[in-house]
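**Q** I have a structure I would like to understand better, so I am pasting it below and will then ask my questions one at a time.
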Amino acid sequence: MEKVPMTTEGYAMLTEELKNRTSVERPRIIAAISEARAHGDLSENAEYHAAKEQQSHNEGRISELEDKLGRAEVIDLSKLDGDTIKFGATVTMIDEDTEEEKTYKIVGDVEADVSKGKISISSPIARALIGKSIGDSVEVTTPGGTHAYEVIKVQFI
């Protein structure tokens, strides 16, 4: 069974979602099914079929969350340090072509959100950065093309 690396924040986020889906969403959907069932003929009851579909989606997500939390390898970032880029590092780099500065935090797949500056450990950029240090030049091939970056800062925050 493959471990799923994540930060303590990512673990807490998934735990909260699981709690919400089991204690809030599940009872709400069960009530909607009961109400729709009371309307009679189930074969032509759109509310019943919609509620059953919601239930199926919710139960699938609950199973997925339980699996990920069960295989979670929680990494406490407060115990990490150094100049070498690894999981949990916040990396600041400069695009060597445009001089644009970018900062990314390398996190687990389940908590990645580029709009918040969090990239997945399995993303092309993170894979290229792992093992590098300040001053290193990194070439990254992405769907948008190849970019060269220089690492200017590595932090564990």
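The values are calculated or read from the model by the stated rules, or taken from the named source; none is laboratory data. Treat the numbers as computed from the prediction; the structure is a model and nothing was measured. Cβ placement follows ideal geometry from the backbone for every residue including glycine, while neighbour counts extend to all protein chains displayed. Heavy atoms of the whole protein, side chains included, go into the accessibility calculation; ligands, DNA and RNA do not. Shrake-Rupley method; radii C 1.70, N 1.55, O 1.52, S 1.80 Å.
**Q** Mind checking which residues of the stretch 106-136 are outside any loop (DSSP other than H, G, I, E, B), open to solvent by 30 Å² or more (accessible area, probe 1.4 Å) and among the charged types (D, E, K, R)?
**A** Those that are outside any loop (DSSP other than H, G, I, E, B), open to solvent by 30 Å² or more (accessible area, probe 1.4 Å) and among the charged types (D, E, K, R): D109, D113, K116, K118, R127.
**Q** Any idea which residue in the stretch 43-58 is modelled with the lowest pLDDT, counting only those that are open to solvent by less than 60 Å² (accessible area, probe 1.4 Å) and either of a type in the set (S, T, Y) or part of a helix (DSSP H, G or I) (or both)?
**A** Just the residues of the stretch 43-58 that are open to solvent by less than 60 Å² (accessible area, probe 1.4 Å), to begin with: 45, 48, 50-51, 55, 58.
Next cut, either of a type in the set (S, T, Y) or part of a helix (DSSP H, G or I) (or both) only: 48, 50-51, 55, 58.
Details: Y48: 90, A50: 93, A51: 93, Q55: 97, N58: 97.
This residue is Y48.
**Q** Could you tell me which of the residues R61, R26, R21 is modelled with pLDDT of 95 or more and open to solvent by 70 Å² or more (accessible area, probe 1.4 Å)?
**A** Result of the check over R61, R26, R21: R26.
**Q** Looking only at the stretch 137-157, count how many residues are part of a strand (DSSP E or B), β-branched (V, I, T), surrounded by fewer than 17 Cβ atoms within 10 Å (Cβ to Cβ) and in contact (Cβ under 8 Å) with a residue 40 or more places away in the chain.
**A** 1
**Q** Taking the stretch 64-105 as the search range and keeping residues that are assigned to a strand (DSSP E or B) and among the hydrophobic types (A, V, I, L, M, F, W, C), which one is most open to solvent (accessible area, probe 1.4 Å)? It would help to see each step written out before you state the result.
**A** In the first step, residues of the stretch 64-105 are kept if they are assigned to a strand (DSSP E or B); the result is 72-75, 90-95, 101-105.
After this cut, where a residue has to be among the hydrophobic types (A, V, I, L, M, F, W, C) as well, the list is 72, 74-75, 91, 93-94.
Working: A72: 21, V74: 67, I75: 38, V91: 1, M93: 1, I94: 44 Å².
Taking the candidates together, the pick is V74.
**Q** Something else: Could you grab me the full set of residues in the stretch 30-42 that are open to solvent by 80 Å² or more (accessible area, probe 1.4 Å) and in a loop (DSSP other than H, G, I, E, B)?
**A** Scanning the stretch 30-42 gives A38, H39, D41.
**Q** Hey, another quick one. If only one of R26, R37 is in contact (Cβ under 8 Å) with a residue 12 or more places away in the chain and more than 30 Å from V151 (Cα to Cα), which one is it?
**A** Working: R37 fails: in contact (Cβ under 8 Å) with a residue 12 or more places away in the chain.
When all the criteria are applied, what remains is R26.
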